[in-house]
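These notes concern the structure reproduced below.
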Amino acid sequence: MSLLSSSPCKQVLVVGCGLMGAGITQVIAQAGIKVIANDRTEADLERGKKQIQKGIRKKSEEEQQTILENITFTTSMEDGKDSDLVIEAVPEKLEIKKDVFALLDQFMKPEAILATNTSSLSIAAISSATERPEKVIGLHFFSPVPIMKLLEIVKGINTGEETVEFGNMFAEQIGKKVIVANDFPGFTVNRVLVPMLNEAAFLVMEGNDPEEVDRGMMLGANHPIGPLKLADMVGVDVLLHTLESLYEGFNDSKYRPCPVLKRMVEAGHLGKKSGQGFYQY
């Protein structure tokens, strides 16, 4: 049976309860949809739960209780086997994602949509691990998920039109605005944004002050936040991985990661989450 001919999405399985996964889980639960939040260990789940609790702390006690009651935390992916939709939010490594999708393909109901939150990897490559490539789609959320309005729907070469329609319906359910992107490295937003952040890193490598670079873009280009402060919020490691995907995907030197980013990741200066990036926190 087509999901589009039935009632709206009633249950979602979110695989990965890190920064992005926890944010996605919170937004879905806030919309009144049941969520199965999955990660490898109880410790991972506990960190995700604390992030969600922090994210909803300004709501009333009754609202907080309702949101948390919509979430089931589990270390077993199969607990979400009856979900209408899966959103994968594991690390940005193609082989890891393909392993997850191959496993999901085995136990999820046939009509379930399998979505990835990847910010740059090929939807077609991820879908190749399944027997249902027409039901695989990119649902790329932006951080922090509860605040950012956009949901970038990414259509792979095998993604069916009904799957895209389902993505639009789901976005409306959770209160997100949509753009649809084709399956090329970086999609739409990161294709434009990430090279700008990389160029800002080159300016720092050349001796420019991060605060001056950020102030220039805020006052001269009307950006609400400077590129280097944004890089720290996104995570320098995430930025580097995305640049490497763009570089490998297009074989174009304009996407070559700034050496400063590599040194920062090696030193553990990952941005706000580690307390040190282009700025100290």
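The values are calculated or read from the model by the stated rules, or taken from the named source; none is laboratory data. Here the structure is a predicted model, which means the values were calculated and not measured. Please note: Cβ atoms are built from the backbone with ideal geometry, for glycine as well, and neighbour counts cover all protein chains shown. The area values use the complete protein model at the heavy-atom level, side chains included, leaving out ligands, DNA and RNA. Shrake-Rupley method; radii C 1.70, N 1.55, O 1.52, S 1.80 Å.
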Original post:
Residues in the range 189-206 that are open to solvent by 60 Å² or more (accessible area, probe 1.4 Å) and either assigned to a helix (DSSP H, G or I) or hydroxyl-bearing (Ser, Thr, Tyr) (or both): how many?
Top reply: 5
Original post:
Name the pairs whose Cβ atoms lie under 7 Å apart, with the first residue in the range 230-258 and at negative phi and among the basic types (Lys, Arg), the second open to solvent by less than 60 Å² (accessible area, probe 1.4 Å) and part of a helix (DSSP H, G or I), and 6 or more positions between them or separate chains?
Top reply: Lys254/Pro195
**OP:** Evaluate the range 168-179: report whether one residue or more is assigned to a helix (DSSP H, G or I), hydrophobic (A, V, I, L, M, F, W, C) and over 18 Å from the mean Cα position of the chain (by Cα).
**Re:** yes
**OP:** Output the helices (runs of 4 or more DSSP H) that fall wholly within the range 60-164 and possess 1 or more residues being open to solvent by less than 20 Å² (accessible area, probe 1.4 Å), touching a residue at least 40 places away in the same chain (Cβ under 8 Å) and farther than 15 Å from Val27 by Cβ, or say none.
**Re:** 94-107, 123-127
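Of everything in the range 1-53, what is of a type in the set (S, T, N, Q) and either at pLDDT 95 or above or under 23 Å from Glu92 (Cα atoms) (or both)? Give them in sequence order. Full working, then the answer.
In the first step, residues of the range 1-53 are kept if they are of a type in the set (S, T, N, Q); the result is 2, 5-7, 11, 25-26, 30, 38, 41, 51, 53.
Result: Gln11, Thr25, Gln26, Gln30, Asn38, Thr41, Gln51, Gln53.
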